[in-house]
Every structure is written in C-alpha cells, then in structure tokens.
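Here is the structure we will look at.
None of the figures in this text is laboratory data; all of them are computed from the coordinates on show. What you see is a predicted model; the values in this text were computed from it and never measured. Using ideal geometry, Cβ is built from the backbone for each residue, glycine included, and neighbour counts are taken over all protein chains shown.
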Amino acid sequence: MFSRRQFLVASGGLGAAALVMGVLPKFSTGVELVDEAHAQEIFEVTHSDSEWRALLSAEQYEILREEGTERAYSSPLNNEHRKGIFACAGCGLPLFSSDTKFDSRTGWPSFWAPLDNAVATRQDRTFGMLREEVHCRRCGGHLGHVFEDGPKPTGLRYCMNGLALTFKPQA
C-alpha cells in the first residue's frame, strides 16, 4: 500500500504538475469504481460540464467535480476561526458550523459533525484503500473524506478540501 506522497513521487511528472497546480487529481486504479448506485445518483442542483467549469475556478472544478485533493495547509479556511457557516462552493448549501470545527493538524479544515441533511457519503477505493468519501447531498460535489479518529462527541473527523467550501461569517 502506498501513501499519497509515495504514489505522487512514483508517478513523476504527473505528481509534480499536480503539486504546482496545488490540487492533487484522483488517479484511476485501472478498476472501474463507479457502482450502479453511484452512476444513478440524482442531485437537486445539476449543471452540464461546461456550466460547472464556468461556475467554478479550475482548482474548485478539479476537487468538486473530479474528486481531486488540494495540497495540505494551502487553504485559508484551515485557519478560519470566526463564528459562521461553511457552505458548498458548488451550490451554496450550508454544510458545517464553525462550532464543530477543530484543528486536526492534518492541513485541511476538519469538523466533527456536518449540519443535518447536508452531506452524504459513499465508499472510495482509490489508492488501494477503503475510505468514506463525503459529498454535498444537493449537488454531489466532492468535499473530502470522513475518518473515525476525531474528537468527542462523535469521534469523527470530516477532513474537507477548503476549495470545496465557502465561509459565511455570522453577523
């Protein structure tokens, strides 16, 4: 099993190009990962590929629509400590409250719980690992992953890409 860093070093130029861009693409393992349920997901907010590209920056598109990952410690939202709501950068759905944000020391904004009816999860088997991918339940945008090594009360760590989120401070 390879770490993400080992995989990128092994992939040479692709890894270097991704690091320069600041976004790590999700590489195929050569195995079809889309199951029937995933292929048939229908979301409230939908756009054509060209519409998503017009609505999002290139980096946001890579993360939200192609399941990429931003470089650790590259998001200003990692250091956002004001009261407010973190919303989906794709559709604006409120996802996380600042009340559940914590410093996971991983380099990505992390939360111990999402807002009610905000996110959905599905299995992600890329990189030879089994993880739970987190996506916006309204537009399907890829947000990050959830792990079982977070703080109380849930014990969960929702490790999110900052580029997949926007922050709306409380007035």
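Find, among the GluC sites (Glu not before Pro) in the stretch 72-141, those assigned to loop by DSSP (not H, G, I, E, B) with at most 16 other beta-carbon atoms within 10 angstrom.
Passing sites in the stretch 72-141 are GLU80.
Between LYS168 and HIS81, what length comes free when the chain is fully extended (0.36 nm per residue of separation minus the Cα-Cα distance, one decimal in nm)?
Taking 0.36 nm per residue and subtracting the Cα distance, the gain is 30.2 nm.
For LYS168, go through the aspartates and glutamates and keep the ones whose alpha-carbon is under 15 Å away, minus same-chain ones fewer than eight residues off.
Reachable aspartates and glutamates: GLU80, ASP99.
Filter the trypsin sites (Lys or Arg not before Pro) in the stretch 86-166 to those in DSSP coil with at most 14 other Cβ atoms within 10 Å of their Cβ, and list the result.
ARG105, ARG125
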